[in-house]
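The values are calculated or read from the model by the stated rules, or taken from the named source; none is laboratory data. All values derive from a computational prediction rather than experimental measurement. Ideal geometry is used to build each Cβ from the backbone, glycine not excepted, and the neighbour counts take in all protein chains shown.
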Amino acid sequence: MDKPTTGDFTKTAGWMDWFTGPSKPRFTVPAGSVDAHCHVFGPGAQFPFAPERKYTPCDASKHQLYALRDHLGFARNVVVQATCHGADNRAMVDALVNSGGKARGVATVKRSVSDAEIQAMHDAGVRGVRFNFVKRLVDFTPKDELLEIAGRIAQWGWHVVIYFEAVDLPELWDFFTALPTTVVVDHMGRPDVSKPIDGPEFSLFLKFMREHTNVWSKVSCPERLSVTGPKAINGQLSGERIAYTDVIPFAKRVVDEFPDRVLWGTDWPHPNLKDHMPDDGLLVDFIPHIATTAELQEKLLVNNPMRLYWPEEI
Ligand code: 0GY
C-alpha cells in the first residue's frame, strides 16, 4: 500500500501511522463480508480536518481503505465519521459515493442539520449518526440535542452508534435506553479486560444488551482493549494465529449470547493508538476465536451488517 501522507497539517505529536504492510489473513472471511467499522482521514489537502478536532492524524484515503478491503477479502465497508472531521461529513460521504455501492456510512450531525442535508446523506449511503461520549475525543453535546437528532434521523430509518467507556455506562444508561432507534455500541463499550469478565462492569454491559433488544455491539478493537497485546501464538489448528488473547473471552461472550446483534470492523486506520499499530491481517485472524462456527461468522460478517446497512439487498 502507499505510504501515508499528511498534506499541510502537522500530525499530533507521537501519532502512529497505519501499517502499510498488512499480512494476508489466514482466516478466509465468508463471501460478502462487511468491515462495519472503519474511517477515512482527509486527505487533509482535499478535506481539511475540523478546527475543533482533538487530534490531527495522517491521511487515510478512500483508495487506501478500499485497497485494504480487497487485500483482506472483504466485500463492503461501513465508514464511520471520525472525530477529527467534526460534523463536516464530506470526506466520509465522498468515500461512499466513490465506492460503487460497496460502502455505507455513519455521520456526525448537529442540531442545525437540515432535512435536505439528511436526505442528501441518505442518498449517498449514510444510515446512522454517531454520538461520542469519550472525553478525550469530543466536547460534550447536550443530551437534549442528541435526543432531538435521534428523533429526526429515526424518520429515515437510521440508527445511532454510541461510543463510551465502560465506567461511564451507569451514568449514560437512562439516556441510551431512551433512544428511539436501533443503537450500536462501539467496541463493546470499551471493557477493561484486566477486570473479571463476570465482574460488575461487563455484567452491566451484558444486561444492557439483554434487556434492550434494540442494542447491538461491535465486537471490534481488540488492539485497543488488550493488555496482553498483539504477540501472535500459533493455535492448535494448522496455520491458525491467536493474538490479543485477553480480549477473546469478552468478545466471544457477546457473540455467543447475541449472535444476531453483533458486527465486526477493522477500525482502520486505528486513530490514537499509543503502543503499537496492528497488522490488519492479524486482526482478521481474531475473528474465528470469537465467532467460533461458520454460522456465527456468517451472521457477524454478512447477515447482520447486511440487515442494518443494505436491507434492500437481502
Ligand atoms: C475508533 C476509536 C477512536 C477514535 C475515533 O472518531 C474517532 O476519532 O473513533 C479512539 O480514539 O478510541 O473507533 O476509531
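Tabulated values for the structure
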item: Hits in segment 245-274 - residues which are among the hydrophobic types (A, V, I, L, M, F, W, C), surrounded by 19 or more Cβ atoms within 10 Å (Cβ to Cβ) and near the ligand (Cβ under 10 Å from one of its atoms); result: TRP268
item: Total residues in segment 49-85, condition in a loop (DSSP other than H, G, I, E, B), surrounded by fewer than 17 Cβ atoms within 10 Å (Cβ to Cβ) and free of Cβ contacts under 8 Å to residues at least 40 places away in the same chain; result: 2
item: Hits in segment 243-283 (condition: out of contact with any His (no Cβ under 8 Å at 6 or more places or on another chain), closer than 15 Å to HIS37 by Cα and not in a helix (DSSP H, G or I)); result: ARG261, VAL262, HIS270
item: Residue list for segment 188-204, restricted to those being touching a Leu at 6+ places or on another chain (Cβ under 7 Å) and either touching a residue at least 40 places away in the same chain (Cβ under 8 Å) or surrounded by fewer than 22 Cβ atoms within 10 Å (Cβ to Cβ) (or both); result: ARG190, PRO191, VAL193, LEU204
item: Residues located in segment 204-214, provided they are part of a helix (DSSP H, G or I) and within 22 Å of the chain's Cα centre (by Cα); result: LEU204, PHE205, LEU206, LYS207, PHE208, MET209, ARG210
item: Per-region count, segment 27-39, residues crowded, with 21+ Cβ neighbours inside 10 Å, more than 11 Å from the ligand (Cβ to nearest atom) and closer than 16 Å to LYS102 by Cα; result: 4
item: Single residue of segment 86-104 satisfying the filter (away from the ligand (no atom under 16 Å from the Cβ) and assigned to a helix (DSSP H, G or I)) that is surrounded by the fewest Cβ atoms within 10 Å (Cβ to Cβ); result: VAL97
item: Search result, residues across segment 173-199 that are more than 16 Å from the ligand (Cβ to nearest atom) and part of a helix (DSSP H, G or I); result: TRP173, ASP174, PHE175, PHE176, THR177
item: Qualifying position, being free of Cβ contacts under 8 Å to residues at least 12 places away in the same chain and closer than 29 Å to GLY199 by Cβ, among ASP174, ASP123; result: ASP174
item: Filter result (more than 19 Å from the chain's Cα centre (by Cα) and charged (D, E, K, R)) within segment 88-145; result: LYS110, ARG111, ASP115, GLU117, ASP123, ASP139, LYS143, ASP144, GLU145
item: Hits in segment 215-242 - residues which are in a loop (DSSP other than H, G, I, E, B) and in contact with a strand residue (DSSP E or B) (Cβ under 6 Å, 6 or more places away or on another chain); result: VAL219, SER220, ALA232, GLY235
item: Unmet criterion (only one of (1) over 28 Å from VAL29 (Cβ atoms); (2) crowded, with 19+ Cβ neighbours inside 10 Å) for VAL113; result: (2)
item: Segment 126-139, residues that are part of a loop (DSSP other than H, G, I, E, B) and either without any contact (Cβ under 8 Å) to a residue 60 or more places away in the chain or more than 11 Å from the ligand (Cβ to nearest atom) (or both); result: PHE133, VAL134, LYS135, ASP139
item: Some residue of segment 148-168 being modelled with pLDDT of 95 or more, under 15 Å from VAL254 (Cα atoms), part of a helix (DSSP H, G or I) and away from the ligand (no atom under 16 Å from the Cβ); result: no
item: Per-region count, segment 200-239, residues over 20 Å from VAL167 (Cβ atoms), more than 16 Å from the ligand (Cβ to nearest atom) and not charged (D, E, K, R); result: 13
